[in-house]
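Only one structure is covered here, and it is reproduced in the block below.
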Amino acid sequence: VVNFDFLGFTFQPRRCVDRGGNVHPNFLPAISPAATQEINRTIQSWHLQLQNDKTLEDLSRMVNPILRGWLNYYGHFYPSALRQIWHHVNRYLVQWVRRKFKRLSRHKQRAKRYLDRLARANPHLFIPWDLGVFPIGLSDRSRMS
């Protein structure tokens, strides 16, 4: 497998769907693992879970410009590669909810459901939500409901 990193992107063969719906290999850039790791460290350094004196809107104003910049830079060629970063942001927001609301502090799933309801009611509040990446994805939903 031939690949190389350049300016935060990994160039390697990836599956591509053309306008006719045909799948074929193409040499496309996507965010590199090193850049993903650095972004995750940056998100961690924000200490969102400790910002429980702030409202969700305050957090949104604080992080959205940075998230939008990452989306514009890294998401230009292969936006689905940013999905794990958006999930990382959602995980930290769930931690924020658990610290902000005492009744949810011991209930991770309830906190996730609460944040998911907020996200679906206000989908334009955070960049990941605007892109359709909510705190509860398809894998988190019950198969029975």
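Every number in this text was worked out from the coordinates using simple rules, so none of it is lab data. These numbers were taken from a predicted model, which means no experiment stands behind them.
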What's the angle, to the nearest 10 degrees (0 to 90), between helix 108-121's Cα axis and the longest principal axis of the chain? 70 degrees
Quick one: angle between helix 56-74 and the longest Cα principal axis of the chain, in degrees between 0 and 90, rounded to 10, please. 10 degrees
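On full extension of the chain, what length is gained from PHE27 through ILE66, given 0.36 nm per residue of separation minus the C-alpha to C-alpha distance?
Residue separation times 0.36 nm, minus the Cα-Cα distance, leaves 11.2 nm.
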Only Cα pairs under 8 Å and at least 6 apart count here; give the relative contact order of the chain as a rounded whole percent. 19 percent
From the convex hull of the Cα coordinates of the chain, what is the mean projected area in square nanometres? 11.0 nm²
Helical contribution to [θ] at 222 nm, DSSP H n ≥ 4, -39,500 (n - 2.57), averaged over the chain, rounded to 500: -15000 deg cm²/dmol
Compute the helix-to-body angle for 83-100: its Cα long axis versus the longest principal axis of the chain, expressed 0 to 90° and rounded to tens. 10 degrees
